[in-house]
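Asks: Please see the structure below; I have some questions.
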Amino acid sequence: MTRPAVFLDRDGTLIEEAGYLDRLERLVFYPYSVDAVRALNRSGFAVVIVTNQAGIARGIFQEAFVAEAHGYISTRLAAGGARIDGFYYCPHHPDGKVAAFTKTCACRKPAPGMLTAAAADLDLDLSRSFMIGDRWHDLAAGEAVGLRGVLVRTGYGRTEEASPGAVAPAAIVDNLVDAVSWILRDA
Ligand SMILES: [Mg+2]
Ligand SMILES: [Zn+2]
């Protein structure tokens, strides 16, 4: 049976924005993140991380580190009874240093490739799904596949709010837990 999903940006949305996150010691959860994800789990939404990780193309860290970070995030969430249903990352950048990842791709947000891949893998109903992120490019990726988007003011969100782009957000709220509350009311 197809499920709706909430797609989450990672850095600046689920965990603190840390520039290029390259060590687990720098991975900091927001205090409400576990509760927010668990609330989505209990409401029947698939929860899917979609994150640009151009640090791989730039040679700052390797794919193995991203896997380690996502394992750590899963473990922390599981300890609080919460779960991410899928992790998707884009390792590419058009101006990278690592040849294998240096290209214009279909998955780097604002392109929607990670969302369409997740929808196919996890049998998601995009017409009932949402995107939460701290950058306009997060919401643009969602908008490209018909999602309503919620901008959070954490991470780069306040700066983004001050310079509206072409994307029309369904809501702008302070943080992830407020975004989840907004979605659960709307749904
Ligand atoms: Mg972000
Ligand atoms: Zn990509």
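Asks: Of the numbered conditions (1) part of a helix (DSSP H, G or I); (2) touching a residue at least 40 places away in the same chain (Cβ under 8 Å); (3) open to solvent by less than 20 Å² (accessible area, probe 1.4 Å), L139 fails exactly one; give the number of that condition.
Replies: Status for L139: all satisfied but (2).
Asks: Still on this structure, please answer the following. Restricting the search to region 30-59, which residues are open to solvent by 20 Å² or more (accessible area, probe 1.4 Å), without any contact (Cβ under 8 Å) to a residue 60 or more places away in the chain and away from ligand 2 (no atom under 16 Å from the Cβ)?
Replies: Answer for region 30-59, where residues must be open to solvent by 20 Å² or more (accessible area, probe 1.4 Å), without any contact (Cβ under 8 Å) to a residue 60 or more places away in the chain and away from ligand 2 (no atom under 16 Å from the Cβ): P31, V34, R38, N41, R42, G44.
Asks: Can you pull out the strands (runs of 3 or more DSSP E) entirely within region 1-112 that have at least 3 residues that are not β-branched (V, I, T)?
Replies: Details: elements: 5-8, 46-52, 86-90.
Fully inside region 1-112 and qualifying: 5-8, 86-90.
Asks: Another question, then. Quick test of your reading of the structure: S129 fulfils all but one of (1) within 20 Å of I15 (Cβ to Cβ); (2) of a type in the set (G, A, S); (3) open to solvent by less than 20 Å² (accessible area, probe 1.4 Å). Name the failing condition by number.
Replies: So S129 meets the others, but not (1).
Asks: Tell me which residues, restricted to region 1-10, are away from ligand 2 (no atom under 16 Å from the Cβ) and surrounded by 22 or more Cβ atoms within 10 Å (Cβ to Cβ).
Replies: In the first step, residues of region 1-10 are kept if they are away from ligand 2 (no atom under 16 Å from the Cβ); the result is 1-6, 8.
Once the filter is applied, which keeps residues that are away from ligand 2 (no atom under 16 Å from the Cβ) and surrounded by 22 or more Cβ atoms within 10 Å (Cβ to Cβ), region 1-10 yields A5, V6, L8.
Asks: Moving on. Can you pull out the residues in region 146-176 that are in a loop (DSSP other than H, G, I, E, B) and either within 16 Å of ligand 2 (Cβ to nearest atom) or of a type in the set (S, T, Y) (or both)? Outline the logic, then answer.
Replies: Initial filter on region 146-176 (in a loop (DSSP other than H, G, I, E, B)): 146-147, 153-156, 163-170, 174-175.
Matches in region 146-176: T154, Y156, S163.
Asks: Given the criterion at pLDDT below 95 and more than 23 Å from V152 (Cα to Cα), identify the matching residue among T102, T75, T2.
Replies: When all the criteria are applied, what remains is T2.
Asks: May I pose another question? Pairs under 6 Å by beta carbon, first residue at negative phi in region 6-20, partner near ligand 1 (Cβ under 7 Å from one of its atoms) and not in a loop (DSSP other than H, G, I, E, B), six or more apart or different chains?
Replies: Listed by first residue and then by second, the contacts come to D9/G133; D9/D138; T13/G133; E17/D11.
Asks: So, G133, is that one within 25 Å of Y156 (Cβ to Cβ) and either more than 14 Å from ligand 2 (Cβ to nearest atom) or of a type in the set (F, W, Y) (or both) or not? Give the derivation first.
Replies: Working: within 25 Å of Y156 (Cβ to Cβ): yes; either more than 14 Å from ligand 2 (Cβ to nearest atom) or of a type in the set (F, W, Y) (or both): yes.
Here the answer is yes, as G133 does meet what is asked.
Asks: How many of the residues in region 106-126 are touching a residue at least 12 places away in the same chain (Cβ under 8 Å), more than 12 Å from ligand 2 (Cβ to nearest atom), surrounded by fewer than 19 Cβ atoms within 10 Å (Cβ to Cβ) and on the phi < 0 side of the Ramachandran plot?
Replies: Count: 4.
The values are calculated or read from the model by the stated rules, or taken from the named source; none is laboratory data. Given the structure is predicted, the values throughout are model-derived calculations rather than measurements. Backbone-built Cβ (ideal geometry, glycine too); neighbour counts: all protein chains shown. Heavy atoms of the whole protein, side chains included, go into the accessibility calculation; ligands, DNA and RNA do not. Shrake-Rupley method; radii C 1.70, N 1.55, O 1.52, S 1.80 Å.
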